[in-house]
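Notes follow the structure.
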Ligand code: NAD
């Protein structure tokens, strides 16, 4: 019997809709394992800008740091899309990742047997796909300074983003990926753009050094353009992919097509100890917000990852994952999974998962 305190950051759009359903599943799975959970809800993203003027307040960050884990929905939406606005929802997400020092973002890409026919890719190409993308999360293009807007000498508008990595930032995430590969099929594919980018050449150099210390694990390198093709062409070839912040962001959205929907893919963001951050990879989906039709599975599976990586409740994590398969195997589908019959609502889909929790 153990207890865990979790901060919930529902955020905006469908974030609160899917997070509420994830909590129902976590509570039942924890109780089945004889554990108790304490949840506290906090503001982050657009809703926080509306109420307190910033996307993430110092108090909320402090609460997150003091918790056992943080479970997030999604942030953003058209209401906060003004590019000239000082406060933007994404700032909260970036500040949270940095503040929790969660530099390794784990994004498992698994094609569940029941959904092979949902993807536009041929079923024989994607049957059995099960790989893990480890995306660097607290460096690279999304954090590099300077970031600025201005004018060129001849009066044109100009914008600058900076892509910067230091060797220690690369080493720690690549080592993380090797540790994970040791418990999987012992293969790491590092994705970079070393033919063009200096930062990628450093990435490759450090990765080769880390690889030399793990001779039992196969290491190969792909340029990001080739990797984006291979993920569609031969996705079963991958075991663990490790890559930088922006490449990982883009490649995992692409990979969600294999899994059938953005609404299927969870993520965990981890550092060297401290609370982990768990969230679906999808955004706030303004096009379906408030309709009660969002797929809750990515949020539910993010909760399973929270049990596994932050609390060590492996048995309960697996029970949740089995319950998701049970619900899908029985033919239950939300609208994004293109059901033959009437699609289930967010809550109905969760009811089916709860029904499969033994
Ligand atoms: P999105 O992921 O919100 O939506 C892309 C498409 O996938 C939409 O058609 C949406 O309806 C669908 N979709 C996403 N999640 C779904 C789910 N659970 N069930 C069913 N369908 C789902 O991406 P977007 O439209 O590019 O971005 C919308 C907003 O979300 C923007 O403000 C963006 O900045 C923000 N965003 C936030 C995060 C985050 O919070 N981590 C990530 C990406 C985008």
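Readers should treat all values here as calculations from the given coordinates under stated rules, not as data from a laboratory. The shown structure was predicted, so the numbers you read here are calculated from the model rather than taken from an experiment. Cβ atoms come from the backbone with ideal geometry, glycine included; neighbour counts cover every protein chain shown.
Roughly what % of DSSP beta bridges within the chain run antiparallel, to the nearest 5?
Details: 19 of 48 bridges.
Expressed as a percentage, antiparallel bridges in the chain total about 40.
Just rank 158, 230, fewest to most, by other beta-carbon atoms within 10 angstrom. Display every interim value, and only then the final one.
Values: 158 10, 230 15.
So the ranking, lowest neighbour count to highest, is 158, 230.
Considering only C-alpha atoms, what is the centroid distance from segment 177-214 to segment 124-149, in Å?
14 Å
With each run of n ≥ 4 DSSP H residues scored as -39500 (n - 2.57), what mean residue ellipticity at 222 nm is computed for the chain after dividing by its residue count and rounding to the nearest 500 deg cm²/dmol? Intermediate results must be reported in sequence, preceding the final value.
Values: 12 runs with 142 residues, N = 358.
So the helix-based figure for the chain works out to -12500 deg cm²/dmol.
Determine by what factor the alpha-carbon radius of gyration of the chain differs from 2.2 N^0.38 Å, reporting the quotient. If you can, show how the numbers build up before the last one.
Working: Rg = 20.1 Å, N = 358, 2.2 N^0.38 = 20.6 Å.
It is 0.98.
If you average the C-alpha positions of segment 335-358 and of segment 151-175 separately, how far apart do those two centres end up, in angstrom?
43 Å
If each residue's Cβ is checked for other Cβ atoms within 10 Å, how do 246, 229, 44 rank with the fewest at the top? Let's see the in-between values first.
Numbers: 246 16, 229 12, 44 30.
Ranking 246, 229, 44 by Cβ neighbours within 10 Å, fewest first, gives 229, 246, 44.
Going by how many other beta carbons lie within 10 Å of each one, how would you line up 59, 279, fewest first? Could you put the intermediate results ahead of the total?
Details: 59 11, 279 28.
Taking fewest neighbouring Cβ atoms as first place, the list is 59, 279.
Between residue 168 and residue 62, what length comes free when the chain is fully extended (0.36 nm per residue of separation minus the Cα-Cα distance, one decimal in nm)?
Details: separation 106, 0.36 × 106 = 38.16 nm, distance 2.57 nm.
Result: 35.6 nm gained on full extension.
Which three numbers, in whole Å and largest first, are the semi-axes of the equivalent ellipsoid of segment 1-51 derived from its Cα gyration tensor as √(5λ)? Walk me through the numbers on the way to the answer.
Values: eigenvalues 130, 29, 4 Å².
Each semi-axis is the square root of five times an eigenvalue, giving 26, 12, 4 Å.
With just the Cα atoms defining each centre, how far is segment 244-298 from segment 95-115? Give it in Å.
7 Å
How compact and how long is segment 119-259, expressed as Rg and Dmax of its alpha-carbon atoms in Å?
Just the Cα atoms of segment 119-259 yield Rg and Dmax of 16.8, 56 Å.
Obtain the nm distance between the two label points defined at residue 195 and residue 225 by a simple spin-label model: each point lies 7 Å from its Cα along the Cα-to-C-beta direction.
In this crude spin-label approximation the distance works out to 0.6 nm.
Want the number for residue 36 to residue 348: 0.36 nm per residue separation, take away the alpha-carbon distance, what's left?
On the way: separation 312, 0.36 × 312 = 112.32 nm, distance 2.46 nm.
Answer, rounded to one decimal: 109.9 nm.
Between residue 322 and residue 160, what's the calculated FRET efficiency when r is the beta-carbon distance and R0 is 45 Å? Round to 0.05.
Working: r = 49 Å, r/R0 = 1.08.
So the FRET efficiency works out to roughly 0.40.
Counting DSSP beta bridges in segment 119-259, what percent are antiparallel, to the nearest 5? Mind dumping the intermediate values first?
Working: 5 of 19 bridges.
Taking every DSSP beta bridge with both residues in segment 119-259, the antiparallel ones total about 25 percent.
With N residues in segment 12-130, what two-decimal value do you get for its Cα radius of gyration over 2.2 N^0.38 Å? Walk me through the intermediate numbers first.
Details: Rg = 17.9 Å, N = 119, 2.2 N^0.38 = 13.5 Å.
That works out to 1.32 for segment 12-130.
Modelling each spin label as a point 7 Å along the Cα-to-Cβ direction, I'd like the residue 147/residue 236 distance in nm, to one decimal.
For residue 147 paired with residue 236, the spin-label model returns 4.1 nm.
Report, to two decimal places, the Cα Rg of segment 114-188 normalised by 2.2 N^0.38 Å (N = number of residues). All intermediate terms of the calculation are to be shown ahead of the outcome.
Details: Rg = 20.1 Å, N = 75, 2.2 N^0.38 = 11.3 Å.
So the Cα radius of gyration is 1.77 times the expected 2.2 N^0.38 Å.
Along each of the three principal axes of the Cα atoms of segment 300-358, give the extent in whole Å, ordering the values from largest to smallest.
Computed over the Cα atoms, the extents are 38, 19, 15 Å.
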